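Before any comments, here is the structure.
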Amino acid sequence: MTDAEAGRPDTRPAGRNLTRRQTVGYALGSLGTGGFGVVPGLLLAYYLTDTLAVAAGLAGAVVLLPKLWDVLIAPAIGRMTDRTLMARGDRRPWLLAGAAALPVAFALTFLTPGALSGGAAAGWVVVFFLLAATGYGVFQVPYVTMPTEMTADPAERTTITAWRIAMLTVGILLFGVAAPILVSAGGEGRGGYALMGVVLGCGIAAGMVAAWRGTRGIRTVRVGEVTGTVRSQLRAAAGNRPFVALLAAFVLQAVASGAMLAAAPYFAQYHLGDEGLTSVLFACLVGPALVTMPLWHRVAGLVGKRPGYVLATLVFAAGALGLTAGGSLPPLGVYALVAVVGVGYAGTQMFPLAMLPDTLADDARATGASRAGILTGVWTAGETVGLALGPFVVVSVVLGLSGYVSGSGDETVAQPPSALHAITWSMSLVPAACALLSIVFVLAHRPPEHGRTGHAGGGSG
């Protein structure tokens, strides 16, 4: 029901489809998705290796495998939400289903019974993390698709995205800083992680339910009809070169940020001398985004989204390369370099998510078909796999091959020099290399012009 239908004044600005309540309500969902996106990447691998005594190679696989499941299910979820859109005019029921499933499975992931350790504990975690990843897909696929159908105005889509990224940044910062603090407050070890899982699970649920409630009454903009099978649509989507290029860049940058997040607790423990400093490292990474996100939005208006995206990626890579000396720098030097990474990170989050709705709308104009759901399913699968590949590369490959020694959390294990070097490389060279490679794909993203100018409210170029 719209505001007018409910007898309330229409608060939409002239030419706009959404009220401020609806825009902010939609954005609140990113508080929950940001929490789930960051906490496993930040702490799950370390929880496995240094609390549950899971070998590094196996721990990396546990983090990765549930995310690979998303590759299979996310496009199918997208297709089902497309049909829900055609049948009832919106995708909102899927938001509520995801809000019911994800928080519970997230909490159980960190409630590993005390009798389980090693391989048995890894089995518990992989089952519930897989269920959590499924719940995330059920919510995230329709959620990311919705801006394409909430308005036909590219400028309003950019406004929606800006609000969403602002909430996402707040959610990432709050959850990322709170998670290590809650673990410490719970006595660290299993009890601390259990407390963290339950408290943050409730926070994730609150954000998701808020998005479901806040998007009531939106007048859906239809962008095409649902046609063909999932397989045929995926084949067609593979031929959408702007979408594929944007996705490839985003996945590589997800690997970069995932690697840095996974390396942070190891770096805090073995180079800064205190696992609790993970919260400080995380705040230095995400905190600058709160300040610089509006600046990146202005950059988009001045030079366009694609050039701004390249600039943000270069800033991210420069900060990461500086961290190659992190093992010998004083803590303040490390924090400063991580803050530089954070400035770039803000842009690498905003630009692709602002360019995606435009790319989906271009696809609908070119094909006359509604493929937003299935394309967003592919996007979500790519994002989740990228965020999982980062920890996998760090834990299973870099640390696993370096001779890293796992522990049970009772005491700090002395690591060989090779493992200490690997921790530094995981925080610096791995994310920098992925970020620099992604620029090739950012430059390859050239959507149809359709007369758009490339300003902040228009095209991606």
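The values are calculated or read from the model by the stated rules, or taken from the named source; none is laboratory data. Because the structure is a prediction, the values reported are computed rather than measured. Reconstructed Cβ throughout: ideal geometry from the backbone, glycine too, with neighbour counts over all protein chains shown. Calculation scope for accessible area: heavy atoms of the full protein, side chains included, ligands and nucleic acids excluded. Shrake-Rupley method; radii C 1.70, N 1.55, O 1.52, S 1.80 Å.
Got a sec? Which of GLY98, GLY29, GLY34 is touching a helix residue (DSSP H, G or I) at 6+ places or on another chain (Cβ under 7 Å), open to solvent by less than 10 Å² (accessible area, probe 1.4 Å) and modelled with pLDDT under 90? It would help to see each step written out before you state the result.
Details: GLY98 fails: modelled with pLDDT under 90; GLY29 fails: modelled with pLDDT under 90.
Exactly one residue qualifies, and that residue is GLY34.
Does VAL126 meet the test of being open to solvent by 30 Å² or more (accessible area, probe 1.4 Å), modelled with pLDDT of 90 or more, within 30 Å of SER402 (Cα to Cα) and part of a helix (DSSP H, G or I)? In short, yes. On inspection, ARG91 qualifies as of a type in the set (D, E, K, R), modelled with pLDDT under 90 and either in contact with a Phe, Trp or Tyr (Cβ under 9 Å, 6 or more places away or on another chain) or open to solvent by less than 10 Å² (accessible area, probe 1.4 Å) (or both). For the structure I just gave you, tell me whether THR51 is among the β-branched types (Val, Ile, Thr), open to solvent by 10 Å² or more (accessible area, probe 1.4 Å) and modelled with pLDDT of 90 or more. So THR51 passes the test. The residues in the stretch 136-156 that are part of a helix (DSSP H, G or I) and either among the β-branched types (Val, Ile, Thr) or surrounded by fewer than 23 Cβ atoms within 10 Å (Cβ to Cβ) (or both) can be counted, and the count is 8.
Give the residue, chosen from ASP90, ASP70, that is among the acidic types (Asp, Glu) and outside any helix (DSSP H, G or I). Selected residue: ASP90, the only one of ASP90, ASP70 that is among the acidic types (Asp, Glu) and outside any helix (DSSP H, G or I). Yes or no: LEU277 open to solvent by less than 20 Å² (accessible area, probe 1.4 Å) and of a type outside the set (Gly, Ala, Ser)? For LEU277, the condition - open to solvent by less than 20 Å² (accessible area, probe 1.4 Å) and of a type outside the set (Gly, Ala, Ser) - is not met. The condition (being of a type in the set (Val, Ile, Thr) and closer than 22 Å to GLY390 by Cα) is satisfied by just one residue among VAL286, VAL303: VAL286. Could you check, for the stretch 346-363, whether at least one of its residues is open to solvent by 40 Å² or more (accessible area, probe 1.4 Å) and in a helix (DSSP H, G or I)? No; the residues of the stretch 346-363 include none that is open to solvent by 40 Å² or more (accessible area, probe 1.4 Å) and in a helix (DSSP H, G or I).
Within the stretch 64-85, can you find the residues that are more than 25 Å from GLY258 (Cα to Cα) and either open to solvent by 50 Å² or more (accessible area, probe 1.4 Å) or among the β-branched types (Val, Ile, Thr) (or both)? Once the filter is applied, which keeps residues that are more than 25 Å from GLY258 (Cα to Cα) and either open to solvent by 50 Å² or more (accessible area, probe 1.4 Å) or among the β-branched types (Val, Ile, Thr) (or both), the stretch 64-85 yields MET80, THR81, ARG83, THR84.
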